[in-house]
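Comments concern the structure below.
The values are calculated or read from the model by the stated rules, or taken from the named source; none is laboratory data. As the structure is a computational prediction, the values presented were derived from the model and not from experiment. Because the Cβ atoms are built from the backbone with ideal geometry, glycine has one as well, and the counts that use them run over all protein chains shown.
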Amino acid sequence: DLETLGMLIRERTVADDGAEAEAGANLGDEARAALLRCHAILAERFPLAHAAMRVDAINDFSLLYEWEGTDDGLEPVVLVAHLDVVPVSAEQASQWSQPPFGGVVEAGEVWGRGALDVKGRVVSHLAAVEALLAAGTAAPRRTVYLAYGHDEEVGGYEGAASIAAELERRLGGRRVAALLDEGGAVTKGAIPGMGSLEVALVGTAEKGYVCISLKAESKGGHAAWPPLDGTPVTAVSRALAAVHAKQPAPRLTQPVAGMLERASALVAEPYRTIFANLHVFGALLARVFGWKGEKANALVRTTQAVTRFTAGEKNNVVPASAEATINLRLLSGDTVEGTLGRVRAIAEEFGVSAEIDEKAFRSEPSPVSPAGKGVAAWDALERSFHRVYGWDEVLVLPYTVLGATDSKHFLNLTEATYRMGQRLSAEQIDTIHGVDERETAEG
């Protein structure tokens, strides 16, 4: 339903990351009003679904739908998405082919921020329920929950976290059979040696997230006679260079190893031998991934990106302080505390402090969900992918999601958390949080 998606895109539900620890404060009046209009659009466009399901607003701006099943003995499933989007800067907006909040529908595509991340998922969920009800399905056997947060892009602490708490209250200790969130894609070229075969990448884990602030201070003074050992900017810059030079070592985690082993039977040589014998080639392969490209490197390493640097107010004044932010995405096995200790040890060599940015959200790497034949939820996912894309057309593989999703708030409900997505080209994937984000009718 591209038209409905276009209507949602036109609502500027932007979550700003200026004060991520207080997610509710990140919603301005415009975004709050836009979220409520999204609620009204969904109710208008999917009347059968809203009549058949219990719908609750959580913390005013998130939504929790409950489609009660006929068999109380079956554990429910939870489908997760979010209604908020990241901002579009003025510089970025000028590069778009269509207005980023125009929701333009043209040639079988709808353009705009949130088309892929992930208002399109909200529409697809409710369109499926609407179609089932229109076809005469009264209720599913298993209860289905649809959970739509309003602040995922800044951590989900007011939206998804509150939805998770409400689900725990309703379930009263019962478990969830599976939880499905964003994170993967059906795509080509993700695995070397696979030729034109598509793979459905299903995230069985996601990386952790933390921002660390590096800061140096001095008395400041006149720029005509600067300190002999440099200014606070110098100190922080040296520390940043040292942190960059001392990257964490690359290594294969369980999801990535599982992805490669499962793909080994279908790839060409020499990849077939390498992937099938990771006990021999694993360490070498991790090092190769470490220099092969940005996304390959991120699969095998805790990454660290300098995203902010603040210092000084005038050209002719030595600043009294300088501060930089490093955004780190933690690989399974690493911890927030351990990562802080590593960065702090490097920074202190240059007289620079290192502390967790308390204004930003943080999370540990997720547990790894089970994958493979005999795992009920995984088997059901494979059947679904094959039904949609063809048994011989797509190989379903586990992997690690590089970003952070709302699924982190639901970990107490199930061990079976899977992060997945629709068919996307490499070009489409690059538009997420970028320029010319758009979705197709087939997506």
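Against the list (1) in the same structural domain as L146 (by TED's automatic domain parsing); (2) modelled with pLDDT under 90, the condition E393 fails is (1). Being crowded, with 20+ Cβ neighbours inside 10 Å, more than 30 Å from V210 (Cα to Cα) and in the same structural domain as L411 (by TED's automatic domain parsing) is not true of P99.
What are the residues in the range 107-135 that are farther than 28 Å from L171 by Cα, out of contact with any helix residue (DSSP H, G or I) (no Cβ under 7 Å at 6 or more places or on another chain) and not aromatic (F, W, Y), if any? Those that are farther than 28 Å from L171 by Cα, out of contact with any helix residue (DSSP H, G or I) (no Cβ under 7 Å at 6 or more places or on another chain) and not aromatic (F, W, Y): A107, G108, E109, D117, A135.
The residue pairs whose first member lies in the range 317-332 and is basic (K, R), whose second member is surrounded by fewer than 20 Cβ atoms within 10 Å (Cβ to Cβ), and whose beta carbons are closer than 6 Å, counting only pairs six or more residues apart or on different chains, are R329/T303.
Residues that are crowded, with 21+ Cβ neighbours inside 10 Å, of a type in the set (G, A, S) and within 29 Å of L27 (Cα to Cα) occur at least once in the range 126-148. Remark: pairs (first residue in the range 38-57, over 17 Å from A81 (Cα atoms); second residue polar (S, T, N, Q) and assigned to a helix (DSSP H, G or I); Cβ separation under 6 Å; 6+ apart in sequence or on different chains) = R45/T4. Those helices (runs of 4 or more DSSP H) of the range 207-276 in which at least 3 residues are more than 22 Å from the chain's Cα centre (by Cα) and aliphatic (A, V, I, L, M), considering only elements entirely within it, cover 232-245. R329 versus (1) in a loop (DSSP other than H, G, I, E, B); (2) under 27 Å from S213 (Cβ atoms); (3) among the basic types (K, R); (4) touching a helix residue (DSSP H, G or I) at 6+ places or on another chain (Cβ under 9 Å): which is the lone unmet condition? (1) is the only condition that R329 fails.
Selection over the range 171-204 of residues that are in contact with a helix residue (DSSP H, G or I) (Cβ under 7 Å, 6 or more places away or on another chain) and assigned to a loop (DSSP other than H, G, I, E, B) gives a count of 8.
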